[in-house]
Structure formats: C-alpha cells, structure tokens
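Enquirer: Next up is a structure, given as structure tokens.
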Amino acid sequence: MMTPAERAARHLETVLHNHDFEGLRDLLTPGFADHSAPPGTPPGPDGYVQVRTRGAQRQRVRVPGHWPAIRHVHDALVPRRR
C-alpha cells in the first residue's frame, strides 16, 4: 500500500509526464504562491497551471519515459526505505 507521500509523488509524475497541468490543482493548496511567475499571472493554483501550460505549449515537447526531475521530486517527498 502506498503512503500519502508516495501517492502524491505518483500523481505529480503522471501530471508532468502527460502535460495534464490541470491535475496540479489536486496537489496545490488554495494559497499556493509561485514566486517565480511572470508579472500579471493570477495568484494561486490557477496562475501556476497557466504558467506550466504556456511553458509546455511554447516548448511543444513531449518527454518520453521518465523525467530526471521527477525522481528528484519523488526522493524529496518519499522517505527512502531501508
């Protein structure tokens, strides 16, 4: 059985891999702040989803397989089993 952190990491991996940025709303709190967002970006999850979607559209990149960054996020969220 997966822990809540493992479920969150798996959901994040799926969202990013599939460029389904609407799924980020399930992971972000209403008060989430993206301090690196461009000026004029709406606050909260709406703004973050907007920034991620625009970035993916500009790059027009579908990443096959596994992003190295995902492993980093997973490692940060899920404690190592010993």
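Enquirer: Please go through (1) over 19 Å from GLY23 (Cβ atoms); (2) part of a helix (DSSP H, G or I); (3) modelled with pLDDT under 70 for ARG81 and return the number of the only condition it doesn't satisfy.
Expert: (2)
Enquirer: Quick check on my filter: what residues within the stretch 21-55 are within 12 Å of the chain's Cα centre (by Cα) and either exposed (fewer than 15 other Cβ atoms within 10 Å of the Cβ) or at pLDDT below 85 (or both)?
Expert: GLU22, ASP26, LEU27 - these are the residues of the stretch 21-55 that are within 12 Å of the chain's Cα centre (by Cα) and either exposed (fewer than 15 other Cβ atoms within 10 Å of the Cβ) or at pLDDT below 85 (or both).
The values are calculated or read from the model by the stated rules, or taken from the named source; none is laboratory data. On a predicted model such as this, the values are computed, not experimentally measured, just so you know. Please note: Cβ atoms are built from the backbone with ideal geometry, for glycine as well, and neighbour counts cover all protein chains shown.
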